[in-house]
Amino acid sequence: MAAPRRPIVIIPARLASTRLPDKPLADIHGQPMIVRVWRRAIEADIGPVLVAAAEGVIAEAIRAAGGEAVLTDPAHPSGSDRVHEAAMRRDPDGRFDAIVNLQGDLPAIDPAAIRAALSPLAVDEVDIATLATEIHDEAERQDPNVVKAVLALAPGARAGRALYFSRALVPAGPGPHWHHIGIYAYRRAALTAFVSLPPGSLEMRERLEQLRALEAGMRIDASLVDTVPLGVDTPADLARIRGILSNESKS
């Protein structure tokens, strides 16, 4: 396999959120959050950007901003399934050879991080690429909501193979621990293979979808970035991101 030549960014979005209802449409200084994320993906400049919407109102918001959206089945169990359906609708002939699955609740993400998520696919053997950053805070190390990536990293390397993901603090012994950031870049064939797999036993035990790929023998590599992008899951997160982006909106 060669490095991808025609990537596309697909952002899955749905209204159903227990902690922040109608989250994609949450207003951030006059723009829906999903539009903010779409704009960041455009700035990454790696290929077309498509929003995979579960509801028409999300698609309408993106189209009103000048973007492209497709409607997908609202019953999909995961963002990966939604992204796959959108890819098949947008590109049934498979012209796009890599797909970046960007979460729709990262309105302040650095476009450079989106580009970094794609870079490990330059290695022929890599099926799926993702991101990680070093953990420096002890509370974060012990937090089961912070997913740890076990990475095989050569000295000085900025990317390495992911051997496991866990909510537990792994590996043991002295050395860095890595916070996994759930942005993925798939080779087109790898995404199709992934969504066709049944849930794995480790996936169900850890409640981590990416373990399904590892159990099936797929290779995941992670690119290192400096910070974790702030996700919006709660009203408090939304208030925080509004504060962070307030100066940007005034410029």
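Some notes on this structure:
- Of the helices (runs of 4 or more DSSP H) that lie entirely inside the range 1-116, those containing 3 or more residues that are buried (at least 20 other Cβ atoms within 10 Å of the Cβ) and within 18 Å of the chain's Cα centre (by Cα) span 33-44, 79-90.
- The residue list ASP105, ASP93, ASP73 contains one member that is among the acidic types (Asp, Glu) and within 17 Å of ASP233 (Cα to Cα), which is ASP105.
- Only one of the listed residues (ALA149, ALA193, ALA129) is under 27 Å from ARG95 (Cβ atoms), part of a strand (DSSP E or B) and small (Gly, Ala, Ser). That residue is ALA129.
- Qualifying residue in the range 148-155 (condition: of a type outside the set (Asp, Glu) and touching a helix residue (DSSP H, G or I) at 6+ places or on another chain (Cβ under 7 Å)): no
- Tabulated pairs, the range 123-143, first more than 15 Å from ASP97 (Cα to Cα) and in contact (Cβ under 8 Å) with a residue 40 or more places away in the chain, second surrounded by fewer than 22 Cβ atoms within 10 Å (Cβ to Cβ) and charged (D, E, K, R), C-beta under 7 angstrom, 6+ apart or interchain: THR133/ASP226; ILE135/ARG141
- Residue count for the range 61-78, restricted to those that are in contact (Cβ under 8 Å) with a residue 40 or more places away in the chain and touching a Gly at 6+ places or on another chain (Cβ under 8 Å): 0
- Flag for ALA222 being crowded, with 18+ Cβ neighbours inside 10 Å and not in a loop (DSSP other than H, G, I, E, B): yes
- Residues located in the range 201-219, provided they are crowded, with 18+ Cβ neighbours inside 10 Å and free of Cβ contacts under 8 Å to residues at least 60 places away in the same chain: GLU203, GLU206, LEU211, ARG212, LEU214
- Tallying residues that are touching a Pro at 6+ places or on another chain (Cβ under 9 Å) and of a type in the set (A, V, I, L, M, F, W, C) within the range 112-130 yields 7.
- Residues that are surrounded by fewer than 16 Cβ atoms within 10 Å (Cβ to Cβ) and either of a type outside the set (D, E, K, R) or under 16 Å from TYR184 (Cβ atoms) (or both) within the range 231-251 comprise THR234, PRO235, ALA236, ALA239, GLY243, ILE244, SER246, ASN247, SER249, SER251, listed in sequence order.
Coordinate-derived values only; no laboratory data. Source: prediction; values computed, not measured. Here Cβ is always computed from backbone atoms with ideal geometry, including for glycine, and neighbour counts include all displayed protein chains.
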